[in-house]
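Worksheet for the structure shown next.
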Amino acid sequence: MEEFSMANVVRNIKNTALEHAHLPAEVATKLFEKEAMILYLTADHASWVYHVPRYQMLCGDMGSYRFSGMTYEAQPTFPQALEHAVQHMQRIVVNPATNHSRLSGGLVNWYANGDHYIGPHADDERDMIACSPIVALSLGATRRFVFTKKTSKSVHVDETAVARLELQVEDGDLLIMGGTTQRTHKHAVPKMARCCDPRISITLRCFH
């Protein structure tokens, strides 16, 4: 796989960028098909969170993490079907002092169809390195990804920031949310009534 480059990048929010077709189409398709067959259809479903309007799995060595209003214990490793993609993503954010990746864990989100979604939210940074990048690889169906600026009641509101930004995140796209993005904006994957196909999002974070 090619290393991340800033070619073919959409950049509208400070320190946040979307690179279209980060993975070649044939690679993304093969990875998605393998993921669907091995991980979703045959995996131990007890590892997935079901009470939210999508399927979620927390993975990595961070121990636990709070999301969707509850605290969950992480699976120690990512599913084997995703290891290659995770290792590829980890090479994007490396500590130059140790030559090791800072991306130590994260979430796998499975959106079965357009009825699955995630509402507007900002990621909880208390367990993460301050202002560190969040890296998300999308596989499968194209979905809307919407940023909205936080209200003036927020301590970290940026009056100069764009109020709303909607991206079309496609198969093989890589989204990097860096800097103060979680402090200035919320993000969401809304419902899409006409979307019948599944999407997988692998999102890695820099935990302490």
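All of the numbers you see were taken from the coordinates with simple rules; none came from a lab. Fair warning: this is a prediction, and the values are worked out from it, not measured in the lab. Cβ: placed from backbone, ideal geometry, glycine included. Neighbour counts: every protein chain shown.
Every listed requirement among (1) surrounded by fewer than 15 Cβ atoms within 10 Å (Cβ to Cβ); (2) within 17 Å of the chain's Cα centre (by Cα); (3) not acidic (Asp, Glu) is met by Leu175 save one, (1).
If you go through segment 110-125 and keep only what is assigned to a loop (DSSP other than H, G, I, E, B) and in contact (Cβ under 8 Å) with a residue 60 or more places away in the chain, you end up with Ala112, Asn113, Gly114, Asp115, His116, Tyr117, Ala122, Asp123.
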